[in-house]
Amino acid sequence: MSTVDSMPQGGGALGALSARGAGGAAGARSRRRVPRRFFAGTIALYILLLGTFLLSASSLRHAIPNIYTVVPLLAALSFHVAASLFLLIMGRGTVSRWAVLFCIMATFVLTAALCLFLRADDLFAATNPSRVHVREAAAAMGRAVHAIFDHSSWIAQTAQFAGMAVIEEAVKLLPLFFLIAAGRVKNAQAAMLCGALAGLTFGTVEAISYGFLAYPPESKPITTYLTRFFVMSPLHGVWDAIAGGLVFYLSGRWRSNAMRAPGVGAYAAAFCCGVVAHVAHNALQAILGPVTQIVTVFALLAPLYVMAKHARHRAEVVAAAASITTGDDATKLTGDVQVLIVCLSAFFAAASIVFCWAVALRPS
């Protein structure tokens, strides 16, 4: 039974020579690309997060933004920058841009519905009275939210705290799990990229909802918006990149047939890891304050680096084997996914503007 990282066997010395040549080429590519793209992308992600934190010590902590222009701009810019860095770190691999688009758009639809439901009261307050149907829908959702969450016992509050993390991770990971089960995402490298972009999509939509509905009534400064868009949004991507990779690393796929699909246990374990990271971040922030974001963000970048490096190396070895067998070069790392990221960045800005128009936003 062949393993996923075994090379194709030819006849006699020719097969051995092909295997050595492919292995040497893969090793050369790995040594050549890691310092230039992979390592540089990881360092740039560190700098982006740390720089955003340091802005809290500047005069910007007193500036109140104009949300009509700032939120759409930050949505487009943060998604483009963070997605580009994830693409540098994870690499495209062999995943189809249609699979990436499906993962992102499915997450977008589910997240938008979840955010509107959970912030129904804020939506009602921010919607212009002329939008009668929107306000009626927001009021109905608000009543449903109160019926579900208005419980004062510590058991109910604990269940709500953990349950929200479970729901949010399900929104981000279920589209990816569907693609893996359908065979459209076939290795850890592709799963990590799709997971990172799905998590980033969730974080961006959540940041838009905070920026339009939650922060204006509290007169939050621009640094709060920057932290939400440039720290919390990428952090969601980090969580789900790791969870996506774990589906393959925990499935035993590396030790058995390359065509073997991940089992239910691998999906469950990866999902639980994402939930645990999410709950730990929220709990530490609730107990110790926002400063713990620095710890919870930076602590996960090292595991992301190691896992992404290993996943890229394995994907390149398999792609090199496929190129020898079929004659096709399947090792391209970026390609047209970068164009897709640019288009989606514009889409998030447009979606923000359409939302303002649809509710005739009037923040208090």
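What follows draws every value from the coordinates through simple rules; no lab data is involved. As the structure is a computational prediction, the values presented were derived from the model and not from experiment. Methodologically, a virtual Cβ is constructed for each residue, glycine included, from the backbone with ideal geometry; neighbour enumeration extends over all protein chains shown.
Numbers at a glance
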quantity: Lysine-lysine proximity count for the stretch 17-359, Cα under 24 Å, sequence distance 8 or more or distinct chains; calculated: 5
quantity: Separation of the Met164 and Phe117 label points, Cα + 7 Å toward Cβ, nm; calculated: 1.5 nm
quantity: Cβ charges +1 (Lys, Arg) and -1 (Asp, Glu), total dipole of the stretch 78-229, debye; calculated: 520 debye
quantity: Segment Val295-Ala283, extension gain: residue separation times 0.36 nm, minus the distance between their alpha carbons; calculated: 3.1 nm
quantity: From phi via Karplus (6.51, -1.76, 1.60), per-residue ³J(HN,Hα) for the stretch 281-287 in Hz, x at Gly/Pro; calculated: 4, 5, 5, 5, 5, 5, 7
quantity: Semi-axes of the equivalent ellipsoid for the stretch 17-359, Cα gyration tensor, largest first, Å; calculated: 37, 22, 19
quantity: Per-residue HN-Hα couplings for the stretch 185-195 [Karplus 6.51, -1.76, 1.60; θ = phi - 60°; Hz; x = Gly/Pro]; calculated: 10, 10, 8, 5, 4, 5, 5, 5, 5, 5, x
quantity: Separation of the Val145 and Phe39 label points, Cα + 7 Å toward Cβ, nm; calculated: 4.7 nm
quantity: Karplus-derived HN-Hα couplings along the stretch 340-345 (A = 6.51, B = -1.76, C = 1.60, θ = phi - 60°), whole Hz, x at Gly and Pro; calculated: 4, 5, 4, 4, 5, 4
quantity: Sequence of Ser209, Ser130 once ranked by neighbouring C-beta atoms within 10 Å, starting from the fewest; calculated: Ser130, Ser209
quantity: Pairs of Cα atoms farther than 23 Å apart, the stretch 183-303, %; calculated: 38 percent
quantity: Label point 7 Å beyond Cα of Leu77 along Cβ direction - residues of the stretch 196-237 with amide nitrogen under 11 Å; calculated: 226, 230
quantity: Lys, Arg +1 and Asp, Glu -1 on Cβ, resulting dipole of the stretch 183-321 about Cα centre, debye, nearest 20; calculated: 560 debye
quantity: Residues Arg314, Arg97, sorted so that the one with the fewest Cβ neighbours within 10 Å comes first; calculated: Arg97, Arg314
quantity: Calculated FRET efficiency for the pair Ala181/Leu101, C-beta based, R₀ 22 Å, to 0.05; calculated: 0.75
quantity: Prolate/oblate/rounded label for the stretch 98-229 (Cα gyration tensor, a/c 1.5); calculated: prolate
